[in-house]
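The next block holds one structure in the form of C-alpha cells; read it before the comments.
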Amino acid sequence: MQKLNSLDDLKSLREKLLKEGVLAPNKKRIRVCCGTACRANNSLKLVDKLKKDVQTSGVEAEIITTGCQGLCQLGPVVTIQPQGYFYHKVKPERSEDIISFTLKGERPVWDLLFRRSLGEKPAYFIKDIPFYRKQLRIALRNNGRIDPENIIHYIAIGGYKAIEKALASMTPQQVLDEVKRANLRGRGGAGFPAGIKWEHTKNSFSAEKIVIANGDEGDPGAFMDRSIMEGDPHSLLEGMMLCAYAIGAHHGIIYVRHEYPLAVKHLSTAIKQAEEIGLLGENILGTGFNFTIQIREGAGAFVCGEATALVSSIEGERGFPRPRPPRLSEKGGGPWGYPANLNNIETYACVPAIIEKGATWFLKTGTANSPGTKVFALTGKVKNTGLVEVPMGITLREIIYDIGGGIIGDKKFKAVQTGGPSGGCIPEKYLDLPIDFDSLTKIGSIMGSGGMVVLDEDNCIVDVAKFFLSFCQSESCGKCYPCRVGTFQMLQILEKITSGNGEEGDIERLEELGNYIKSSSLCGLGKSAPNPVLTTIKYFREEYEEHIKNKYCRAFVCQGLGQLHLNTDICYQCKRCMDACPFEAIKESADGFFYIDQVLCQRCKACFNVCPLGAIEIKEQPILYIDKELCYFCRSCINVCRVDAIKETSTGFIIDSNICKKCGDCFNVCQMGAIKYEKIGKFLKIASSEISYEGLKEKEQIPVDIPLDEIFHDVEKKACPVQKSLTFIEEFIEGPMCGRCYPCSFGTEEAKLRLLRITQKLEGAGEEDINALKTIASNMIEASFCKKGRDTGRFLSEILSSSEEEFRLHLSGICSNRECITSISYLINPDLCIRCGECLKKCKFEAIMAKASESKPAEYTYFEIKQKVCTRCGECIKYCPTGAIEIISKVKEEMFAKT
Amino acid sequence: MDIEAVSENSQIGSIGSLLNSKQKKRGILIHLLQQIQEENGYIPEEIVKKLSSKLSLSMSEIFSVASFYKMFRFTPRGKKLVKVCLGTACYVRGSKKVLNTLENEFQIKSGETSSDLSITLETVGCVGCCGLAPVTTVNDEVVGDITSSGKIEGLIKFIRKN
Ligand SMILES: Cc1cc2nc3c(=O)[nH]c(=O)nc-3n(C[C@H](O)[C@H](O)[C@H](O)COP(=O)(O)O)c2cc1C
Ligand code: SF4
Ligand code: SF4
Ligand code: FES
Ligand code: FES
C-alpha cells in the first residue's frame, strides 16, 4: 500500500478508485455477511464455495465479506449487485444456483428471497423488507456494504472524507463546535452531549490527553457496538481521529470486551492498514497532526464498562470504579492522571457523518433534544430480531410492529425492556410515545446502550426483573456494600416471591431497598441495578401482588406457583414432550401412561409449548397433608419422599409444603389413606371440566383409564368369545379410539366387519376371517402409538388364541353360549307353555302366533314363533312366567327336527 | 513465553511515551496475563512468580488483579474448551441435556478438565446466538442448534477431532 503524504494524495487516491470502479454500483458483486451470527451459520464456507464457483464459471463478479447486515436471525444473508436482490438463509450448496440464476441469468433465486409467509409475494430487494424499510442508517452506514478488513473499500465509499475536510479547512475549535451544534448525545448510556464532554477535556490543563472508545459492551443481548467494530472499524477510527484533532490528543485507546475476538481482529487489521497508508501515526497526511490508536482487551467484567472502572482496568488494576470528581475529562481523572475523553463506539461512529455533512444535516433527523439515530438490538418475543437503526422520535409501536413484525405467534404484548440491566420495563400504554433520551427517562427507563427486549403475555414480569437483577448482583464489583449486599437481599426477596413464599410487605421492602441502593452506591451499576425492579413495581404492581397473595403467576413462568400436568385422556403418546423436556421429567408409568414427575419438573413449559394436543395443563398446586387420626407411623411416606419433605415431629408426621413437590408418591404409598390433599384441580390454563391427577389416580378413582375399564366391564357380561370381541371392538371404536394411527383405526374397523361376518355367518365367512383377525391384532400390538390401541390388540389376540375353536364353531353356525343371534332360534317348549298369551301380547314384531286346532278344544291352542319374523330381541323371554321360551342353536334344532 | 525477555515498551505501545516505568509495568499486567493464559490455557503459579519479579509487583497483587476478572483461570485447561450455553433461551431448548450427554461422554463434570487434558467443560451465560439455541462453543467456534440426537454426536465427534 502506498503511503499517503498529503491531503491531495488522499483525494487523488479516491479519484483513482472511482475511475477504477471500486465498489461501483453497476458491477456484479456478491456481498456475504460474515458477522458472528452468520459465521456460526457457515457463511465462511459459503464464501469459499462462491469464490471457487465464480472462478470455474468464468463470470466476472466480486465477492465481499461484510460485517453484520442486521437480520442475523435469517443468516447467512447475501445481497447481490447490480440488481440488489436480498437472499436469506443461504447454504453453501446454493452457490451454484446463485451464479447460474442471478449472475448469469439475471434472475432471482426464488426460494432464497425473503417472504413473510408462503402465500405472500417475496421481497426482491432490501427496501421491500419491512425489517429494513423504516430504518435510517447513520452509525451503521457502511455496515454490510464494505469489507471491514479492506481500507480501500472504506475510502472508496467516502471514508476519511471527514478527517480530510477537518484537516484541510477546519480548526479544532470548528470541529468541536460542529459536534456541539449537532447536539450529538452519548450513545453509551446516559446521553450526555458529546460536544460538551469534548470541550471539558479540551479545556482541562494538560499537555497530553487521551481519547478512549468504550467497546466493553456487557449488556446481555446487546451487540450494536460489536457490529460496528466488526463491520466498519474505520468509521470508529475516523471518529476518534476527529475527536483527537478537536481536543488536541495524540493517543487513543479502544477498550474491547474480551468475548469479541472478531472485533479485536478487525480493529487490529484496520489500525495496521491505517498506519501503513499514513492515516494514523506521525504527521498524518503531512499536516503535522499526530495520533496513534491501540487496543486494550477487557478480561470479562461488566463493571469495566463504567468509565472510571475502565480507567482502573487500563491501568492494570482491579476494575473498581473510582469516586468522581475528578471526572475523566479533568486532570487526574483519566488513565494515569491524563484527562481523557471517553465515548461509546456508536457515538464516535456518528462523528464522521456529522463533520462531512454538517450539523444542520444531522439536526434534521430525530427530535429537537435528541437529534440523529439510535441503533437498537431488538430481541425477545418479536418475529424479526436483529440490529435496527432508527431515527430518534420513532414510536415503540413502529419498532416492534413495523420493523419487528409484531409479537411471535401474535400473542399479546406485555412490555418492552430497554436499557439492559440498568433500564426499565415500559408497559403497553407508552407504545405510542416517541422515544428519545428524555422521554424514556421521564417514564422511568433509559435509552441505555440500546438493548430492547420485547416481552409478551408469556413472560412473567417478576421473573424478568429477577433475571436482570441477578445479572447486576453477580456483576457487582463489591466495593460498596449497598450494592453488594443490597442487590443480594433484593434478589432473595424476589426469589421468595417467585417460589411462592412471598409475604405481605415484600413489595414495600423491595422499594425501600431499591431506593436506598440507588442513592448510596458509588457507580452507575449500583445506582441503576434496582431500576428493572422499581419500574416493574411501578407499572405491574398487581402482578407482584398476585404472586404474593394468590400464589399465582399469570404467565405460568415462576416455579413453585402452579403445576404442570399431563392429561392422559388427551395424550396420544407422541413423545414430543419427552424429547422436549430438558429435565427428563416426563415418564411412562408401569401401566403405560405418560406422567410428569413433579420432582424433576422445573416448569420450563417446554412440553406445554410442544404438545400438539394441549394435553399438558397448568393447574393450581394442591396442598398435601397427613391426617393424624389415620396415620400409624409406618414411615413408608418418609422413605418414599424424594425431597425429604416429610418431617417427624413430637406430635406426628407433617409435610413441609415449602419443600413438597406434590408428586403424589406418599399418597400412593400410604396404606392407611392418611395422606390427603386440598384444592386440587383448579385450572389455571386450558379450561377443561375434567380433573386428572396422575399419581393420585388409583385411589381417587379419577376417570383416567375408565374408558377401557368400562369396556372390559361390558365385555365380562358376555360369554361368547366372538361376542366379547365384537363388543370390545365396537365400544372401542365408539369411545376411546382417536383414529390417529392406521393399524388401530383401519384395523378395528376391519375387525368389526370380520367379526360381524362370523357372528352372523354371512356369506363367504370362513377361515380367512379368523386369520385376518389375528394379523390385525398383532399389527395393533406392534404399531399402535398409544397404550389403548396396543391393549385392544392384545385383548383380541388373547381371545383368539384361547378360544380359536369357538370361533371355528361359529363358522359352522354354532355358538355354544347361544349369544350370537343368527345361529340361534327361539322356540316355545309346549310342555312348559301354559298358553297365557303374554308373549303374544308383548312381541313387537307379531312373530308369535296362536294356532287353534280344529280337532282339539280351545285350551289346546298351540303357540308358535314364526322364525322368519322373529328378531330374537328377547322381550318374550322376559315376560314368559314359566320360562317356556328356550333358546336353541339352529344346528341342534335341525338335529331336534330329525329325531 | 519468556517473561524475562518481555519488553515493556513494545507491550505498552505508543502510549508508553507518557508513562514512567512503574506505570508501564502495571499497565501491561493484564495484557501479559492474557497472553500467558492464551499460551498455557491457564495462569501457572511459577509464571506468576517470574512475572512478579519482572514487574516488581508482589504475587498477591498479581493474583488480586487476576482473580477480579472472570476470564482468568488458575488450573490447567484442556486442549478443547467446550462451553455449553445455559442462558435462558438455550436452557429451555434442552441445553441441560447437551451438558449431561457431554458429561457422560467425557466422564467429567462441568467446570472440570479431563485427566488427559484433552477437554475442559464449562458453562456460559449467553453467547449472543440465541436464535441458534441450544448453543455450544468449542474453542470459540460456535456450534448451534444441537437439538436432534444426530447433531450431538456430530458435536462429540467435532470435539474429539484432534
Ligand atoms: C455498569 C456500567 C456499565 C457500562 N457499560 C457500558 C458499555 O458496555 N458500553 C458503553 O459504551 N458504555 C457503558 N457504560 C457507560 C459508560 O460509563 C459511559 O457513560 C459511556 O461509555 C460514555 O459514552 P457516551 O457519552 O458516548 O455515551 C456503562 C456504565 C455503567 C455504570
Ligand atoms: S455501586 Fe456496585 S459496582 Fe459500583 S462501585 Fe459500588 S459495589 Fe462496585
Ligand atoms: S400427546 Fe402431548 S402429552 Fe402426550 S406424548 Fe404427545 S406431547 Fe406428550
Ligand atoms: S451476523 Fe449476519 S446479519 Fe448479523
Ligand atoms: S441463551 Fe444461549 S446463546 Fe443466548
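Just a yes or no: is a residue in segment A:450-457 on the phi > 0 side of the Ramachandran plot, in contact with a strand residue (DSSP E or B) (Cβ under 6 Å, 6 or more places away or on another chain) and either crowded, with 20+ Cβ neighbours inside 10 Å or part of a loop (DSSP other than H, G, I, E, B) (or both)?
Step one: of segment A:450-457, the residues on the phi > 0 side of the Ramachandran plot are A:450.
Narrowing further to those that are in contact with a strand residue (DSSP E or B) (Cβ under 6 Å, 6 or more places away or on another chain): A:450.
With either crowded, with 20+ Cβ neighbours inside 10 Å or part of a loop (DSSP other than H, G, I, E, B) (or both) added as a condition, the list becomes A:450.
Yes, segment A:450-457 contains at least one residue that is on the phi > 0 side of the Ramachandran plot, in contact with a strand residue (DSSP E or B) (Cβ under 6 Å, 6 or more places away or on another chain) and either crowded, with 20+ Cβ neighbours inside 10 Å or part of a loop (DSSP other than H, G, I, E, B) (or both).
Go through segment B:1-39 and report how many residues are more than 11 Å from chain A (Cβ to nearest Cβ), touching a residue at least 12 places away in the same chain (Cβ under 8 Å) and assigned to a helix (DSSP H, G or I). Step through it out loud before you land on a result.
Keep residues of segment B:1-39 that are more than 11 Å from chain A (Cβ to nearest Cβ), which gives B:1-10, B:21, B:36, B:39.
Cutting the leftovers down to touching a residue at least 12 places away in the same chain (Cβ under 8 Å) gives us B:1, B:3-4, B:6, B:8-9, B:21, B:36, B:39.
In the following step, the residues that additionally are assigned to a helix (DSSP H, G or I) were identified as B:8-9, B:21, B:36, B:39.
Residues meeting the conditions: 5.
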- Task: Hey, can you tell me all the residues within segment A:350-383 that are open to solvent by 10 Å² or more (accessible area, probe 1.4 Å) and within 14 Å of chain B (Cβ to nearest Cβ)?
- Result: A:Thr379, A:Gly380, A:Lys381, A:Lys383
- Out of all the residues in segment A:478-500, which are closer than 19 Å to A:Asn515 by Cα and either among the small types (Gly, Ala, Ser) or within 16 Å of ligand 3 (Cβ to nearest atom) (or both)? A:Gly478, A:Gly486
- Name, by its number, the condition in (1) part of a helix (DSSP H, G or I); (2) open to solvent by less than 10 Å² (accessible area, probe 1.4 Å); (3) not assigned by TED's automatic domain parsing to the domain that holds A:Gly218 that does not hold for A:Ser439. (2)
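Quick check on A:Glu846: is it more than 60 Å from the chain's Cα centre (by Cα), open to solvent by less than 80 Å² (accessible area, probe 1.4 Å) and at pLDDT 75 or above? Break it down into steps so the answer makes sense when it comes.
Details: more than 60 Å from the chain's Cα centre (by Cα): yes; open to solvent by less than 80 Å² (accessible area, probe 1.4 Å): no; at pLDDT 75 or above: yes.
No: the conditions fail for A:Glu846.
So that you can scan it fast, the table gives a plain yes or no per residue for (1) touching a residue at least 24 places away in the same chain (Cβ under 8 Å); (2) surrounded by 21 or more Cβ atoms within 10 Å (Cβ to Cβ):
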position	(1), (2)
A:Ile98	yes, yes
A:Phe101	no, no
A:Lys104	yes, no
A:Trp110	no, no
A:Gly119	no, no
A:Ile152	yes, no
A:Ile155	yes, yes
A:Lys165	yes, no
A:Ser169	no, no
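Within segment A:470-477, identify whether any single residue is more than 14 Å from every other protein chain (Cβ to nearest Cβ), more than 16 Å from ligand 3 (Cβ to nearest atom) and either among the acidic types (Asp, Glu) or closer than 16 Å to A:Cys558 by Cβ (or both), and answer yes or no.
Quick first cut of segment A:470-477, residues more than 14 Å from every other protein chain (Cβ to nearest Cβ) only: none.
Checked segment A:470-477: no residue is more than 14 Å from every other protein chain (Cβ to nearest Cβ), more than 16 Å from ligand 3 (Cβ to nearest atom) and either among the acidic types (Asp, Glu) or closer than 16 Å to A:Cys558 by Cβ (or both).
Pick out the one residue from A:Thr308, A:Thr287, A:Thr269 that is more than 11 Å from chain B (Cβ to nearest Cβ), β-branched (Val, Ile, Thr), surrounded by 20 or more Cβ atoms within 10 Å (Cβ to Cβ) and over 23 Å from A:Lys374 (Cβ atoms). Outline the logic, then answer.
Values: A:Thr287 fails: surrounded by 20 or more Cβ atoms within 10 Å (Cβ to Cβ); A:Thr269 fails: surrounded by 20 or more Cβ atoms within 10 Å (Cβ to Cβ).
Of the residues listed, the single one that is more than 11 Å from chain B (Cβ to nearest Cβ), β-branched (Val, Ile, Thr), surrounded by 20 or more Cβ atoms within 10 Å (Cβ to Cβ) and over 23 Å from A:Lys374 (Cβ atoms) is A:Thr308.
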- Query: Any residue at all in segment A:32-53 that is among the polar types (S, T, N, Q) and more than 14 Å from every other protein chain (Cβ to nearest Cβ)?
  - Reply: no
- So which of A:Met490, A:Met452 ends up being more than 12 Å from ligand 2 (Cβ to nearest atom) and under 30 Å from A:Arg397 (Cβ atoms)? A:Met452
- Looking only at segment A:356-377, decide whether some residue is more than 29 Å from A:Ala274 (Cα to Cα), in a helix (DSSP H, G or I) and more than 16 Å from ligand 2 (Cβ to nearest atom). yes
- Query: For A:Ile537, are the conditions met, namely being closer than 30 Å to A:Glu617 by Cβ, aliphatic (A, V, I, L, M) and surrounded by fewer than 23 Cβ atoms within 10 Å (Cβ to Cβ)?
  - Reply: no
- Note on the structure: Just one listed residue, out of A:Val54, A:Val32, is closer than 21 Å to A:Asn143 by Cα and not aromatic (Phe, Trp, Tyr), and it is A:Val32
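For segment A:561-581, does any single residue satisfy the condition of being touching a residue at least 60 places away in the same chain (Cβ under 8 Å), within 14 Å of chain B (Cβ to nearest Cβ) and away from ligand 1 (no atom under 16 Å from the Cβ)? Working first, answer last.
Of segment A:561-581, the ones touching a residue at least 60 places away in the same chain (Cβ under 8 Å) are A:561-563, A:565-569, A:571-574.
Going one step further and asking which of them are within 14 Å of chain B (Cβ to nearest Cβ), we end up with none.
No: zero hits.
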- Task: Name the single residue, out of those in segment A:781-820 being of a type in the set (D, E, K, R) and under 37 Å from the mean Cα position of the chain (by Cα), that is farthest from A:Lys724 (Cα to Cα).
- Result: A:Glu782
- Item | Residue selected from segment A:27-43 under the condition closer than 17 Å to A:Ile99 by Cα and open to solvent by 50 Å² or more (accessible area, probe 1.4 Å), by the criterion farthest from the chain's Cα centre (by Cα) | A:Lys27
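Let's see how each residue does on (1) at negative phi; (2) outside any loop (DSSP other than H, G, I, E, B); (3) open to solvent by 30 Å² or more (accessible area, probe 1.4 Å):
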| position | (1), (2), (3) |
| --- | --- |
| A:Val599 | yes, no, no |
| A:Tyr625 | yes, yes, yes |
| A:Asp644 | no, no, yes |
| A:Gln671 | yes, no, yes |
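A:Leu113 - would you say it is of a type outside the set (Asp, Glu) and more than 15 Å from ligand 4 (Cβ to nearest atom)?
Values: of a type outside the set (Asp, Glu): yes; more than 15 Å from ligand 4 (Cβ to nearest atom): yes.
When the stated conditions are applied, A:Leu113 passes them.
Of all residues in segment A:239-260, which are among the hydrophobic types (A, V, I, L, M, F, W, C) and within 14 Å of chain B (Cβ to nearest Cβ)?
Residues of segment A:239-260 that are among the hydrophobic types (A, V, I, L, M, F, W, C), as a first pass: A:240-244, A:246-247, A:249, A:253-254, A:256.
Those that are among the hydrophobic types (A, V, I, L, M, F, W, C) and within 14 Å of chain B (Cβ to nearest Cβ): A:Met240, A:Ala244, A:Ala249, A:Ile253, A:Ile254, A:Val256.
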- Task: Please find, within segment A:548-578, the residue that is modelled with the highest pLDDT out of those that are over 23 Å from the mean Cα position of the chain (by Cα) and in a helix (DSSP H, G or I).
- Result: A:Ile548
- Item | The listed residue being under 20 Å from A:Met224 (Cβ atoms) and within 14 Å of another protein chain (Cβ to nearest Cβ), out of A:Gly423, A:Gly419, A:Gly386 | A:Gly386
- Which helices (runs of 4 or more DSSP H) does segment A:461-534 wholly contain that include 3 or more residues that are of a type in the set (S, T, N, Q) and in contact with a helix residue (DSSP H, G or I) (Cβ under 9 Å, 6 or more places away or on another chain)? A:461-475, A:481-498, A:506-520
- Message: Among the residues of segment A:311-330, what is the count of those that are more than 10 Å from every other protein chain (Cβ to nearest Cβ) and either among the acidic types (Asp, Glu) or open to solvent by 60 Å² or more (accessible area, probe 1.4 Å) (or both)?
- Response: 6
- Note on the structure: Selection from segment A:290-305 of residues in a loop (DSSP other than H, G, I, E, B) and either within 15 Å of A:Ser268 (Cβ to Cβ) or open to solvent by less than 10 Å² (accessible area, probe 1.4 Å) (or both) yields A:Gly298, A:Ala299
- With segment B:73-162 as the region, which strands (runs of 3 or more DSSP E) entirely inside it contain at least 3 residues that are open to solvent by less than 80 Å² (accessible area, probe 1.4 Å) and modelled with pLDDT of 80 or more? B:80-85, B:119-124, B:136-138
- Inside segment A:127-145, can you point out the residues that are closer than 25 Å to A:Lys28 by Cβ, touching a helix residue (DSSP H, G or I) at 6+ places or on another chain (Cβ under 6 Å) and modelled with pLDDT under 90? A:Tyr132
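The values are calculated or read from the model by the stated rules, or taken from the named source; none is laboratory data. Here the structure is a predicted model, which is why all the values come from computation and not from measurement. Don't worry about glycine lacking a Cβ; one is built from the backbone with ideal geometry, like all the others, and counts go over all protein chains shown. Accessible surface is based on the protein model in full, side chains and every heavy atom, while ligands, DNA and RNA are left aside. Shrake-Rupley method; radii C 1.70, N 1.55, O 1.52, S 1.80 Å.
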